[in-house]
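Chemist: Got a structure for you, questions after.
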Amino acid sequence: MNNTDEVKDQEKTAAQAADTTLGEEMKATKEKVAAKIKQIKEGVSEDDPRPSSSLTLRKILGGDILTAQMVRSQIWLIVIIVIFSTIYVAFRYQCQQDLIQIDKMEETLKDAKYRALSSSSSLTERCRESHVLEMLKQNKDSLLHMPDQPPYIIGEEN
């Protein structure tokens, strides 16, 4: 039995030695991984320095207020403002084009009204009785002339 106890003790000692060796290897690996992660984080940092709490005119005019973090956090607001500005400019341009077209159409309408008024006055002048009589006198071959007797009404007899 003494032999088996010794074998068990040796196995136990070998297991402990293996555990300590594995533990040390794992510890060393963990340290290496942690060092690599730290190195990667330091090399890949995109963060801007945090702005101080005091906001001065020099920082605003110098552009320090527009840090990458502020722009990233407000990107959707910026996109919406750009879209609305574009729509506003497009609608304003379309409105100006419509106003120009309306002005042109009003000028055309005014010209058409003046032509209609001119034609109407010309026609009225030609149809005036005195003008018609004068034309009849000038044309001697016409059978039309001014009546000497006044018109009379023919009535029905009962």
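The values are calculated or read from the model by the stated rules, or taken from the named source; none is laboratory data. Since we're looking at a predicted model, the values are computed, not measured. Heads up, the Cβs are rebuilt from the backbone with ideal geometry, glycines too, and the neighbour counts pull from every protein chain shown.
Chemist: Output the number of the condition that E46 fails; it satisfies all remaining conditions of (1) surrounded by 10 or more Cβ atoms within 10 Å (Cβ to Cβ); (2) modelled with pLDDT under 75; (3) charged (D, E, K, R).
Modeler: (1)
Here is a yes/no grid of residues against (1) exposed (fewer than 10 other Cβ atoms within 10 Å of the Cβ); (2) within 30 Å of L55 (Cβ to Cβ); (3) in contact with a helix residue (DSSP H, G or I) (Cβ under 8 Å, 6 or more places away or on another chain):
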position: W76; (1), (2), (3): yes, yes, no
position: I83; (1), (2), (3): no, yes, no
position: A90; (1), (2), (3): no, no, no
position: Q94; (1), (2), (3): no, no, no
position: Q97; (1), (2), (3): no, no, no
position: E106; (1), (2), (3): no, no, no
position: Y114; (1), (2), (3): no, no, no
position: S119; (1), (2), (3): no, no, no
position: S122; (1), (2), (3): no, no, no
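Chemist: Right, something else. Identify all residues within region 124-143 that are of a type outside the set (K, R) and surrounded by 10 or more Cβ atoms within 10 Å (Cβ to Cβ); write none if there are none. Talk me through it step by step, then tell me what you get.
Modeler: In the first step, residues of region 124-143 are kept if they are of a type outside the set (K, R); the result is 124-125, 127, 129-136, 138-139, 141-143.
If the condition is that a residue be of a type outside the set (K, R) and surrounded by 10 or more Cβ atoms within 10 Å (Cβ to Cβ), then T124, E125, H131, V132, L133, E134, M135, L136, S142 are the ones that fit.
Chemist: Looking at region 65-86, is at least one residue assigned to a helix (DSSP H, G or I), modelled with pLDDT under 95 and among the polar types (S, T, N, Q)?
Modeler: yes
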